[in-house]
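Novice: The structure is given below, and queries will be raised subsequently.
The values are calculated or read from the model by the stated rules, or taken from the named source; none is laboratory data. Note that this is a predicted model, so its numbers are computed, not measured. Please note: Cβ atoms are built from the backbone with ideal geometry, for glycine as well, and neighbour counts cover all protein chains shown.
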Amino acid sequence: MTVLLVDAANVVGSRPDGWWRDRAGAATRLLERLAGLVGATLAGPDGEPLTCTAVIAVVEGRARAVTAPEDVGVVRATGSGDDALVAEAERLTTAGQELLVVTADRGLRARLPAGAGTAGPGWLLARLDELPPPG
């Protein structure tokens with residue numbers, strides 16, 4: 001039973017698909033896809049099964065105003081997205097949640113609380129590509 005905490009800007013920026021022309025639109029598309037993971041059992045980063053109980057995405061900048069599907073929690077960073085993600089990770093681990101943070105940012109990974117697992121955007125995008133398209 002794992003909560004996925006997603007560095008949305010980092011994941012969106014990991015694929016050169018034109019996201020820079022419409023950052024908010026790219027974030028919205030990611031959030032819509034993330035909804036398909038809630039309740040799903042996935043191959044975890046270590047290959048072991050992982051049951052995703054919740055998805056929370058941290059958005060920043062122009063993406064802060066995006067609308068998210070009901071099943072996806074959103075943390076809207078008013079300042080640094082990294083600071084907001086670390087604060088949310090601390091809140092979740094303090095509450096006893098098993099946590100997997102999705103980011104490629106090594107500096108951010110070093111700031112996470114003990115016990116928080118990590119995975120890169122490639123792992124998440126591969127899992128999303130295994131799902132049927134939203135809608």
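Novice: List every residue pair whose Cβ atoms sit under 9 Å apart, with the two residues 6 or more apart in sequence or on different chains, where the first one lies in region 88-114 and is more than 14 Å from Cys52 (Cβ to Cβ) and at pLDDT below 95 and the second, anywhere, is surrounded by fewer than 15 Cβ atoms within 10 Å (Cβ to Cβ) and of a type in the set (Gly, Ala, Ser).
Specialist: Once the first residue is more than 14 Å from Cys52 (Cβ to Cβ) and at pLDDT below 95 and sits in region 88-114, its partners that are surrounded by fewer than 15 Cβ atoms within 10 Å (Cβ to Cβ) and of a type in the set (Gly, Ala, Ser) give Ala104/Gly122.
Novice: Please go through region 51-76 and pick out each residue that is farther than 17 Å from Thr118 by Cα, in contact with a Gly (Cβ under 8 Å, 6 or more places away or on another chain) and either aromatic (Phe, Trp, Tyr) or surrounded by 19 or more Cβ atoms within 10 Å (Cβ to Cβ) (or both).
Specialist: Here is the first cut: in region 51-76, the residues farther than 17 Å from Thr118 by Cα are 59-76.
Subsequent filtering for residues that are in contact with a Gly (Cβ under 8 Å, 6 or more places away or on another chain) retains 59-61.
Across region 51-76, the qualifying residues are Val59, Glu60.
Novice: Just to be sure before I move on: is Val38 among the aliphatic types (A, V, I, L, M) and within 14 Å of Leu5 (Cβ to Cβ) in the structure I sent?
Specialist: Judged against the criteria, Val38 is a match.
Novice: What number of residues within region 88-109 satisfy the criterion of being in a helix (DSSP H, G or I) and hydroxyl-bearing (Ser, Thr, Tyr)?
Specialist: 2
Novice: Report, by residue number, each residue of region 56-82 that is β-branched (Val, Ile, Thr), more than 19 Å from Asp105 (Cα to Cα) and at pLDDT 95 or above.
Specialist: Val72, Val74
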